[in-house]
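Contents: one structure, followed by commentary.
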Amino acid sequence: MRWKLVCPKDKSEIYKRSDEELVCSQGHSYRVVAGIPVLLRDDVKQTIELAEASLARAQNVQDVIDQRNPELYLESIGISNEEKEIAMALARDAASAMDPVVSVLIAATNGLLYKELIGRLNDYPIPEIRLPHGEGRTLLDIGSSWGRWSIAAARKGWKVVGVDPSLGALVAAKRILERFNVDIDYICADSRYLPFADGVFDQIYSYSVIQHFSREDALATIAEIGRTLSTGGKALVQMPNIVGVRSLYNLLRRGFSEGVGFDVRYWRIPALIETFEGKVGPASISVHCYFGLGLEVSDASLMRPHTKLLLALSERLRRCSEVIPALKYMADSVYVSSVRRPRLVG
Ligand SMILES: [Zn+2]
């Protein structure tokens, strides 16, 4: 592990007691499972149910473990039983070139349009990350899942650590790493209580994660982004825009309710800017996609003709939005960029 970790409860430094256990100076103990430190807090309500399973697995609670194939950590992946069956079938298929869990996660984490790709992909779709070359600088990927953005960043010269509450997704992410010839660390952690010291990251990236949080959890996460970024360090966070066309349609269907559980919470652009400026530093908006959330233009080659057309149209509009800023306000999915302002001394 190339990172100095801190206790998510009290931010004191963490030490290695053995290959399987980390402890902080206050005596809090954390397990390391399959090489992944599990630094979730056991004294708070989790942001997502699967985090409970990650914790229980780390504590070796036997009746939580999906005994059908314990190696796949299916209990902490947040997929349906049908998807678990598919993952197990893929694991039994010796001809399958892809990791069984990642195959299912590609569909589960990337949205409905990716569903038809289960079992049909021959390679992992690694997107193009909208960042300059890293030149060895540090990057935190919040909600890294199976690692597609972590790999994209590492390939572009960033020194990457990914955090996610899903132990199963991280174990799978680690399994496929050797395929990419990049070095990435993964830590099972809660973005509201990041296990890193203040000011350690040059860049923080997060895609399709904070949009699923309640306001309170989102604010706590954005505050942690501000805390762990170095002065001048940058955040790039994908978020949903409430007045996007698809956003409004989805909101209409759910009666304009705020949303519960894992539902997407829609944000107004001025609120996004105000929040990031309050907790990180000067913020601006750019367009991610005009049609829905989670549709990624660099995956276009995997999509059906209809979806490819939508992506091409979205890209055209996005280029227009660089000239006509008002167009940004109509996109469903936006990126918030924010630069960490200098800390007050003394
Ligand atoms: Zn502690």
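The values are calculated or read from the model by the stated rules, or taken from the named source; none is laboratory data. Note that this is a predicted model, so its numbers are computed, not measured. With ideal geometry, Cβ positions are generated from the backbone for all residues, glycine too; neighbour counts draw on all protein chains shown. When the accessible area is computed, the model is the full protein with side chains, heavy atoms only, and any ligands, DNA or RNA have been set aside. Shrake-Rupley method; radii C 1.70, N 1.55, O 1.52, S 1.80 Å.
Residues are listed down the side, and each one gets a yes or a no for (1) farther than 21 Å from Ala172 by Cα; (2) touching a His at 6+ places or on another chain (Cβ under 7 Å); (3) not β-branched (Val, Ile, Thr):
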| site | (1), (2), (3) |
| --- | --- |
| Lys4 | yes, no, yes |
| Cys7 | yes, yes, yes |
| Asp19 | no, no, yes |
| Ser29 | yes, no, yes |
| Leu39 | no, no, yes |
| Glu49 | no, no, yes |
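Scanning the stretch 42-58 for residues that are more than 13 Å from Ser76 (Cβ to Cβ) and near the ligand (Cβ under 10 Å from one of its atoms) turns up nothing.
For the stretch 43-83, the tally of residues that are part of a helix (DSSP H, G or I) and open to solvent by 40 Å² or more (accessible area, probe 1.4 Å) stands at 8.
Whenever a residue of the stretch 124-137 is more than 22 Å from Trp3 (Cβ to Cβ), its partners that are part of a loop (DSSP other than H, G, I, E, B), lying with C-beta atoms within less than 7 angstrom and at least six residues away or across chains, give the pairs Pro127/Glu296. The single residue among Ser18, Ser96, Ser29, Ser103 that is polar (S, T, N, Q), on the phi < 0 side of the Ramachandran plot and open to solvent by 50 Å² or more (accessible area, probe 1.4 Å) turns out to be Ser29. For the stretch 250-261, filtered to residues that are in a helix (DSSP H, G or I) and of a type outside the set (A, V, I, L, M), the residue that is least open to solvent (accessible area, probe 1.4 Å) is Asn250. Yes or no: the stretch 297-313 includes at least one residue that is closer than 17 Å to Leu236 by Cα, of a type in the set (Lys, Arg) and in contact with a helix residue (DSSP H, G or I) (Cβ under 9 Å, 6 or more places away or on another chain). No, the stretch 297-313 contains no residue that is closer than 17 Å to Leu236 by Cα, of a type in the set (Lys, Arg) and in contact with a helix residue (DSSP H, G or I) (Cβ under 9 Å, 6 or more places away or on another chain). Every residue in the stretch 16-31 that is of a type in the set (D, E, K, R) and within 8 Å of the ligand (Cβ to nearest atom), please. If the condition is that a residue be of a type in the set (D, E, K, R) and within 8 Å of the ligand (Cβ to nearest atom), then no residue fits.
At least 1 residues being crowded, with 22+ Cβ neighbours inside 10 Å, among the charged types (D, E, K, R) and touching a helix residue (DSSP H, G or I) at 6+ places or on another chain (Cβ under 7 Å) is the threshold, and among the strands (runs of 3 or more DSSP E) wholly inside the stretch 150-247 those reaching it are 159-164. The combined condition, being aromatic (Phe, Trp, Tyr), out of contact with any Phe, Trp or Tyr (no Cβ under 8 Å at 6 or more places or on another chain) and more than 30 Å from Gly199 (Cα to Cα), is not fulfilled by Tyr266. Exactly one residue out of Val323, Val264 is free of Cβ contacts under 8 Å to residues at least 12 places away in the same chain, assigned to a loop (DSSP other than H, G, I, E, B) and among the aliphatic types (A, V, I, L, M), and it is Val323. Among residues that are touching a residue at least 40 places away in the same chain (Cβ under 8 Å) and in contact with a Leu (Cβ under 9 Å, 6 or more places away or on another chain), Ala189 is included. Quick one: in the stretch 32-41, which of the residues that are more than 15 Å from the ligand (Cβ to nearest atom) and part of a strand (DSSP E or B) is nearest to Asp217 (Cα to Cα)? Here the residue is Ile36. Number of residues in the stretch 259-283 that are at pLDDT below 95 and among the hydroxyl-bearing types (Ser, Thr, Tyr) equals 1.
One residue stands out in the stretch 1-15 among those that are surrounded by fewer than 19 Cβ atoms within 10 Å (Cβ to Cβ) and within 10 Å of the ligand (Cβ to nearest atom): the one that is nearest to Phe262 (Cα to Cα), namely Lys9.
Filtered by the rule that a residue be open to solvent by less than 20 Å² (accessible area, probe 1.4 Å) and touching a strand residue (DSSP E or B) at 6+ places or on another chain (Cβ under 6 Å), the stretch 288-326 gives His288, Cys289, Leu295, Ser314, Ser321. Restricting attention to the stretch 36-49, which residues are over 14 Å from Pro8 (Cα atoms) and modelled with pLDDT of 95 or more? The answer is Ile36, and nothing else.
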